[in-house]
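Everything on this sheet refers to the single structure shown next.
The values are calculated or read from the model by the stated rules, or taken from the named source; none is laboratory data. All values reported here derive from a predicted model rather than from experimental measurement. Using ideal geometry, Cβ is built from the backbone for each residue, glycine included, and neighbour counts are taken over all protein chains shown.
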Amino acid sequence: MSAPVLELRDVHAAYGRIEVLHGVDLVVPERSVMALLGPNGAGKTTTLKVASGQMQAKSGCVHVAGRHVNGATADELARAGVCAIPEGRGIFPNLTVDENLRMATYSKVPLQQVEERTFDQFPRLKERRNQLAGTMSGGEQQMLAIARALATDPALLMLDELSLGLAPIIVGEL
């Protein structure tokens, strides 16, 4: 049996002296979909930040694909296949859809492959390819963020607040 793609063991994290994660245990098996649910302030975003290297755990263990990665930076984890889409979509609003997709090629994925995969999964983005990303609807912006992330073929994709501000029909589509 293969190691989980992500495992947190007794993870504690803090903002300054205020501890916000108190012994989080989480296992995400390969090829699974998991949701973190809870009220505002429960630590969902902080958990994703620790898992993606955007924030260091105060204590506990973080494993990606069976490797201990405490102390790894966000860019090191990204190169290892961890992809996080932050709340607020994480697109470049002043760039067109095409220009946003071109950003995925910096991970050594050919532009043609990025475009084929994107437009197969999200045909609406093909219609908007020359449009500034910041002028699209929230659902279209979320599609763009997800498409750009999927273009890198991540081992682990984490989305913070996937449905924030989106109509239920768009959430279902995503």
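Some observations on this one:
- Here the stretch 134-160 is the region considered, the condition is being touching a Ser or Thr at 6+ places or on another chain (Cβ under 7 Å) and not in a loop (DSSP other than H, G, I, E, B), and the residue that is surrounded by the fewest Cβ atoms within 10 Å (Cβ to Cβ) is 158.
- Any hit, the stretch 77-100, residues being under 17 Å from the mean Cα position of the chain (by Cα) and hydroxyl-bearing (Ser, Thr, Tyr): no
- Cβ-Cβ under 6 Å pairs, at least 6 apart or on other chains, the stretch 53-75 side assigned by TED's automatic domain parsing to the domain that holds residue 32 and touching a residue at least 24 places away in the same chain (Cβ under 8 Å), far side surrounded by fewer than 18 Cβ atoms within 10 Å (Cβ to Cβ) and of a type in the set (Val, Ile, Thr): 53/73
- Residue match in the stretch 130-152 (condition: charged (D, E, K, R) and out of contact with any helix residue (DSSP H, G or I) (no Cβ under 7 Å at 6 or more places or on another chain)): no
- In the condition set (1) at pLDDT 95 or above; (2) surrounded by fewer than 19 Cβ atoms within 10 Å (Cβ to Cβ); (3) not small (Gly, Ala, Ser), residue 117 is compliant with all but (1).
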